[in-house]
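Enquirer: Before I ask anything, here is the structure I am working with.
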Amino acid sequence: MSSNKKKNILIYLSKAILIALLIVFVVRSFFVESYTISSTQMETALLKGDEVLVNKTAYGIRLPMTIFSVPFTFDSLFGLKSYSTALEAPYYRIFDAYLKPNDIILFNNPLESDKPIDKRALLVSRCVALPGDTLEMKNGVLFINNMSYILSPDVVNEYIFNISIQKDIEEVLQEQNISIRNYKLSGDTASIELNKYEAFIVNQNLRDSLNIAVSGVHYNESYKMAVPAKGMEIDLTAFNLSAYKQTILQEQGSKARFNNDKLIIDGKEQARYIFEDDYYWMLSDNSSHSIDSRSLGFIPFSHVIGEVTYVWYHSDNANISEDRRFSAVK
C-alpha cells in the first residue's frame with residue numbers, strides 16, 4: 001500500500017472518529033446522558049449501581065453555562081478541576097416544560113454556591129410538590145394543597161419485629177428474594193428496611209405482622225409553607241424569613257444580606273420579596289438515607305437537568321435480576 005493511500009485512510013479514520021465523538025458529545029450535552037446511581041436514597045425504585053438514562057429534553061434543554069470545560073468530564077480529571085470559570089454563560093433553557101408530581105429528577109445541588117450551576121454535585125430524587133403548592137407536615141404526614149401525599153410503593157421504611165420470629169422473617173425474605181437492608185438487632189427486637197410491597201409480601205407469609213417504626217427527625221417536624229413560584233410575592237414576616245432565607249440568598253447572591261431578621265438588598269431594607277425562579281420540593285424514597293429538600297430546601301428549576309427514564313444496566317451486584325435492564329423508571 002502506497003504512503004498516499006495510508007495517509008488518506010488515516011485522514012478518513014480521523015475524521016470519522018472526530019465526527020463520532022462530536023455526535024456523542026452533542027447527544028450527551030443536550031439530549032440523553034447516562035448516570036450512575038451511587039447511593040441507596042432512591043431504593044427501591046432505583047438501586048445503588050444502576051446505570052440510568054436521563055432525558056435532558058423532558059423539561060426543556062438547559063444550555064451549558066461553563067464555556068471552558070474538558071469534554072466527556074464533569075468537574076474533574078485525574079483529581080484536577082476540568083473546567084474554567086473565566087467565561088460563563090447566563091442560565092438559559094429552550095422549550096421549557098413543567099415537572100410532574102412523582103417524576104424522578106436529576107438535578108444539581110443548590111447549596112454548592114461556590115461552583116457554576118452546571119458543575120455542582122448531581123443528585124437524584126422524586127418531585128412531590130410544584131411551584132405554588134402548599135406544603136404542610138402534621139404528625140409525620142405530608143399534606144400538599146390540603147391533601148395527604150400518597151407515598152410511592154417504592155418508599156422504604158423501617159419495620160420492627162420481635163426476635164422470636166427472626167428465623168421466620170429470614171426464611172420469608174430468602175424465599176421471596178427480598179433484599180436485606182440495614183438489618184439491626186436491639187435487645188429483644190430487630191429491624192429491617194422494606195418498601196410497602198415487600199412488607200405486604202412478608203405480612204402475607206407470617207402469622208405475626210410487622211410493625212412500622214416511625215423514627216427520624218423528619219417525622220417529628222411540623223410546618224406549613226408555599227413552594228416559591230416565579231413572580232410570587234411574599235411579606236417578609238419572621239416565619240417567611242426563616243422559611244425562605246436560603247432561597248433568597250441563592251437568588252440574590254452577594255447583593256443580599258440579613259441583619260437582625262431584616263432583608264437588605266443593595267443596601268435597602270425590604271418589606272416584601274418577589275421570587276425570580278420556579279421551585280420544587282423533592283423527597284427521596286429511602287427517607288433514612290437521603291439528601292433531598294429536607295436538607296437542601298427548595299430546588300430551583302434552573303438546577304433541574306432532566307428526568308430519569310430507564311435503567312439500562314446494573315454494575316454493583318451480579319445477582320440483580322436481568323429484568324431491571326432496559327426497564328422503565330417509575
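Enquirer: Among DSSP beta bridges whose residues both lie in region 34-136, state the antiparallel percentage, nearest 5.
Expert: Details: 15 of 16 bridges.
Restricted to region 34-136, the bridges split so that about 95 percent are antiparallel.
Enquirer: Just the number, please: carbon plus sulfur as a percent of the accessible area of the chain, 1.4 Å probe, no ligands or DNA/RNA counted. Before the final figure, lay out the partial values.
Expert: Working: 10250 of 18760 Å².
The C+S portion of the solvent-accessible surface of the chain is 55 percent.
Enquirer: Straight-line reach from K81: which lysines have Cα under 18 Å away, leaving out those fewer than 8 places along the same chain?
Expert: K115, K119
Enquirer: While we're looking at this one, here's another question. Can you give the log10 of the normalised intensity I(q)/I(0) at q = 0.14, 0.22, 0.26 Å⁻¹, computed with Debye over equal Cα scatterers of region 29-78?
Expert: -0.50, -0.97, -1.05
Enquirer: Counting only heavy atoms of protein chains, what accessible area per residue, in Å², does region 62-156 have with a probe of 1.4 Å?
Expert: Details: 5140 Å² over 95 residues.
Per residue, region 62-156 has an accessible area of 54 Å².
Enquirer: So how far, in whole Å, is the C-alpha centre of region 236-268 from the one of region 1-73?
Expert: Region 236-268 and region 1-73 have Cα centres separated by 40 Å.
Enquirer: Next up: With the cut-off at 20 Å, tell me which of the pairs K196/K224; K138/K224; K138/K184; K56/K100 have Cα atoms farther apart than that. Let's see the in-between values first.
Expert: Numbers: K196/K224 27 Å; K138/K224 9 Å; K138/K184 29 Å; K56/K100 15 Å.
Check vs 20 Å cut-off fails for K196/K224; K138/K184.
Enquirer: Continuing with the same structure: Taking Cα pairs under 8 Å and at least six residues apart, what relative contact order does the chain come out at, in percent? Intermediate results must be reported in sequence, preceding the final value.
Expert: Details: 600 pairs, mean separation 76.0, N = 330.
Taking the mean separation of contacting Cα pairs over the length of the chain, I get 23 percent.
Enquirer: In the chain, which longest range has no chymotrypsin sites (Phe, Trp or Tyr not before Pro) that are both DSSP loop (not H, G, I, E or B) and surrounded by at most 10 other Cβ atoms within 10 Å?
Expert: Values: sites that count: F78, F95.
Free of exposed loop sites, the longest segment is 96-330.
Enquirer: Please work out the average accessible area per residue across region 241-310, using the 1.4 Å probe convention, and give it in Å².
Expert: On the way: 3110 Å² over 70 residues.
Ligands and nucleic acids excluded, the result is 44 Å² per residue.
The values are calculated or read from the model by the stated rules, or taken from the named source; none is laboratory data. Remember, it's a predicted structure, so these values are computed and weren't measured experimentally. Don't worry about glycine lacking a Cβ; one is built from the backbone with ideal geometry, like all the others, and counts go over all protein chains shown. Side chains are part of the model used for accessible areas, which takes the heavy atoms of the whole protein and leaves out ligands, DNA and RNA. Shrake-Rupley method; radii C 1.70, N 1.55, O 1.52, S 1.80 Å.
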